[in-house]
Amino acid sequence: MLVSPCGIICSECPYYNNECTGCKNNEGKVFWSKDVTENGICPMYDCSINNKKLSNCGKCNEIPCQLYYNTKDPDISEEQHQESILERVAVLRVNNLR
């Protein structure tokens with residue numbers, strides 16, 4: 001199972017194998033990040049992998065951090081976003097990625 005650093009199960013993502021090959025495969029340069037960041041890298045990937053040198057966000061003591069709350073898909077409601085955060089953190093914990 002391919003899991004993104006923030007806990008998204010890639011095979012369950014509608015963008016996987018369409019616009020996206022997975023964060024780990026494209027080094028965090030997901031299709032939408034070029035529109036919202038200067039370096040074109042997802043802020044959560046950049047923080048956990050590039051800056052903190054962790055294998056995923058689950059290894060960080062601050063999970064879920066402010067980046068989880070700030071990095072929201074504009075196509076979902078706030079309630080869906082909060083649910084997504086809980087689900088992604090659970091994925092990292094259940095799969096012993098913490």
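Derivation of every value follows stated rules applied to the coordinates shown; laboratory data play no part. Worth saying up front: this structure is predicted, and the values here are computed from it rather than measured. So basically every Cβ, Gly included, is an ideal-geometry build from the backbone, and we count neighbours across all protein chains shown.
Along Cα→Cβ, 7 Å out, is where each label goes; now give me the distance between the ones at Cys13 and Ser55 in nm to one decimal.
Taking the simple label geometry, Cys13 and Ser55 are separated by 1.9 nm.
Order 70-78, 18-26 from most to least packed using the mean count of other Cβ atoms within 10 Å.
Ranked by mean Cβ neighbours within 10 Å, highest first: 18-26, 70-78.
Cross-link candidates for Lys59: which lysines have Cα within less than 18 Å, leaving aside residues fewer than 8 places away along the same chain?
Filter leaves Lys24.
Between segment 68-87 and segment 8-47, what's the alpha-carbon centroid distance in Å?
Here the answer is 16 Å between Cα centres.
In the neighborhood of Glu12, defined by Cβ-to-Cβ distances under 12 Å, what is the net charge if each Lys or Arg adds +1 and each Asp or Glu adds -1?
0
Rounded to the nearest 500, what is the 222 nm mean residue ellipticity of the chain from helices alone, with -39500 (n - 2.57) per DSSP H run of 4+ residues and division by all residues? The partial results should precede the final answer.
Working: 3 runs with 26 residues, N = 98.
Calculated at 222 nm, the ellipticity per residue is -7500 deg cm²/dmol.
Could you give the alpha-carbon Rg of the chain over 2.2 N^0.38 Å, rounded to two decimals?
In units of the 2.2 N^0.38 Å rule of thumb, it is 0.99.
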